[in-house]
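> Here it is, the structure, as structure tokens.
The values are calculated or read from the model by the stated rules, or taken from the named source; none is laboratory data. Just so we're clear, the structure is a prediction, and the values are computed from it rather than from any experiment. Cβ sites come from the backbone with ideal geometry, for glycine too, and all protein chains shown count toward neighbours. The accessibility values were calculated without ligands, DNA or RNA, using every heavy atom of the protein model including side chains. Shrake-Rupley method; radii C 1.70, N 1.55, O 1.52, S 1.80 Å.
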Amino acid sequence: MKPTILTINGGSSSIKFAFYRPGEPPTRCVFGKMARNGLGEIILTLTDEEEVSVPFPVALGKSATTVFVDWLEKQDNFQSVQTVGHRLVHGMERTEPELVTQDLLDDIRRISPFAPEHLPVETDLIETLRKRHPELVQVACFDTAFHQSMPRMAKLLPIPRRFEAKGIRRYGFHGLSYAYLMEELARLGDPAATKGRVILCHLGNGASMSAVRDGQSVETSMGFSPTSGLVMSTRTGDLDPGVAAYLGHTESMNTKEFYHMANHESGLIGISETSSDMRKLLKLESSDIRAAEAVELFCYQAKKWIGSFSAVLGGLDALVFSGGIGENSAIVRTRICEGLGFLGVKLDENRNTKSAPIISSVDSSVMARVIPTDEELMIARSVARLTQ
């Protein structure tokens, strides 16, 4: 069989994967996701020519990682895998993908507290494959790498300087998505990709933005952790630190409880009290003020970040929407862009309603686009570039 590349995107609640045939670009043949449902069952959703969902009987205490690798080993595609590319949410100051070594794994284990919901799962996947299949070449692709070009003032946190020496600063995330979007922008022939001012909006369950000048990240909304920045499906986004102290005093909330609230009970679900899904909230907003306020807060904050990033960039040439919400919700894009005419943003509502590749009007000085992101393809490209 022809050699294939396996990409693994391990998250806090799911494991996404895809098999690619090498080439330029790599060609995806099978992809899917393994996740626990609301009942605690592990469900595999696999897409080849059609989508199929399969429940897994799992022994008590058996990890999703073990279940996933057990399943992988039984697949015909896995027999031809020579290289595996992993998304790692954090890489500290690393700027490029790297071959996995024991030194790299030790370093990632050391920084696991920087991303406690992601890095332990991601390193567990790498180590499990290393033990069972030491012949496989594994590559780590870092979500933070894209933002290492940010100037010092965009990285610095206003806390005592001694903490910076311990790595506490703004890093930014969703870097694989942003790297892919910039490559797509260049492929589409947009001059802003290399010589211009671009704002990338990755709007999904996790939401963030990046300001890019001349192809380099200069600012981003997520900072030290993926909890910061924009309001998200279940995450707070930026939050006054006084809230933590107040809840600790009045609610006896400890650090673990506050972390859980900020990451899993806040954002859209916290405001609406009904759903973290933007599609459901839009259906409910006419009859439920809580849902309406959740949608309005999301759009308001997105607009605010676009305004501030435009100030950092000194203007705007291109605005890109991506992610589940950014790619599919015309009404959210409309509400975000309302009032941004002073920046030169003007949408064509017919194009926008159809989620066309270009949604700006012909007389808009800012090119507004919808570009579906593909982190898995970006991982496959990175693996191919590093190993071939």
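> Accessible area per residue for segment 91-231 in Å², computed with a 1.4 Å probe and the full protein assembly in place, what is it?
41
> Counting only trypsin sites (Lys or Arg not before Pro) that are in a DSSP loop and have at most 13 other C-beta atoms within 10 Å, tell me the longest site-free stretch of the chain.
It works out to 196-353.
> Starting at 0 and stepping by 5 Å, how many percent of the alpha carbon pairs of segment 94-209 end up in each bin?
2, 9, 15, 19, 19, 15, 11, 8, 3, 0
> Report, to the nearest whole %, how much of the accessible area of the chain belongs to carbon and sulfur atoms, 1.4 Å probe, protein only.
Ligands and nucleic acids excluded, carbon and sulfur reach 54 percent.
> Report the Rg/Rh value for segment 246-295, based on alpha-carbon coordinates and the Kirkwood definition of Rh.
For segment 246-295, the value is 1.13.
> In square angstrom, what is the accessible area per residue of segment 314-380 with a 1.4 angstrom probe?
Per residue, segment 314-380 has 39 Å² of solvent-accessible surface.
> Once each part is reduced to its C-alpha centroid, what is the distance from segment 99-153 to segment 318-388 in angstrom?
30
> So if R0 is 56 Å, what FRET efficiency would LYS346 and ASP103 give, r being the distance between their Cβ atoms, rounded to the nearest 0.05?
So the FRET efficiency works out to roughly 0.60.
> Next question. How big is segment 202-290 in terms of Cα radius of gyration and Dmax, in angstroms?
Taking only Cα atoms of segment 202-290, I get Rg and Dmax of 15.2, 48 Å.
> Additional query: Counting Lys and Arg as +1 and Asp and Glu as -1, what is the net charge of the other residues whose Cβ lies under 11 Å from the Cβ of SER355?
+3
> Given only helices, namely DSSP H runs of n ≥ 4 each adding -39500 (n - 2.57), what is the per-residue ellipticity at 222 nm of the chain, to the nearest 500 deg cm²/dmol?
Helix contribution divided over all residues of the chain: -10500 deg cm²/dmol.
> If you filter segment 71-113 for GluC sites (Glu not before Pro), then keep DSSP loop positions with at most 13 other Cβ within 10 Å, what is left?
GLU73, GLU93
> Are there GluC sites (Glu not before Pro) in segment 275-376 that DSSP puts in a loop and that have at most 13 other Cβ atoms within 10 Å, and which ones?
Sparse-neighbourhood loop GluC sites (Glu not before Pro): GLU338.
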